[in-house]
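Presented below is the structure to which this report refers.
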Amino acid sequence: MSGPLLRTILLLTASNVFMTYAWYGHLKNLSGRPWYLAALVSWGIALLEYLLQVPANRIGSTTMTLPQLKMLQEAIALTVFVPFAVLYMKQPVRLDFVWAGLCIMGAMYFMFRGAT
């Protein structure tokens, strides 16, 4: 795996951890608080996400097309979301997670086939 690709994957993975927590963590931790407080906290967490995501996309764009970069982001998002949903948010494991993952893998195949 090349340097820019590996750096992109690592940065996008870290970015997605913050993004997932910003988008959904308030449902568990701030459910009894006003929505605008949850929004402010989420924005603060999302800033950390953007500080990782923007450089990841810039680095990734040196070796991937924009559609490839987007599909990589989606695959990483699902890879981060499923453990978050199951382990942190205590959602039941569902077979739909497998089907969604297979669909993303299929999309990755079509997006990256023939890529050099």
**Report entry** Most mobile listed residue (Trp23, Trp35, Trp43) in the chain, GNM with C-alpha springs under 10 Å
**Finding:** Trp35
Report summary line: Calculated from DSSP helices alone, with each H run of at least 4 adding -39500 (n - 2.57) and the total divided by the residues of the chain, [θ]222 nm to the nearest 500 comes to -24000 deg cm²/dmol
Report task. With a bin width of 10 angstrom, please list the P(r) values of the chain as percents of all Cα-Cα pairs, from the 0 bin to the one holding the largest distance. Result -> 14, 37, 33, 14, 2, 0
**Report entry** Choice from Ser31, Ser42, Ser15 with maximal GNM fluctuation in the chain (Cα, 10 Å cutoff)
**Finding:** Ser31
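Read the figures in this text as sums done on the coordinates, not as results from a lab. Model, not experiment: these values are computed from the prediction.
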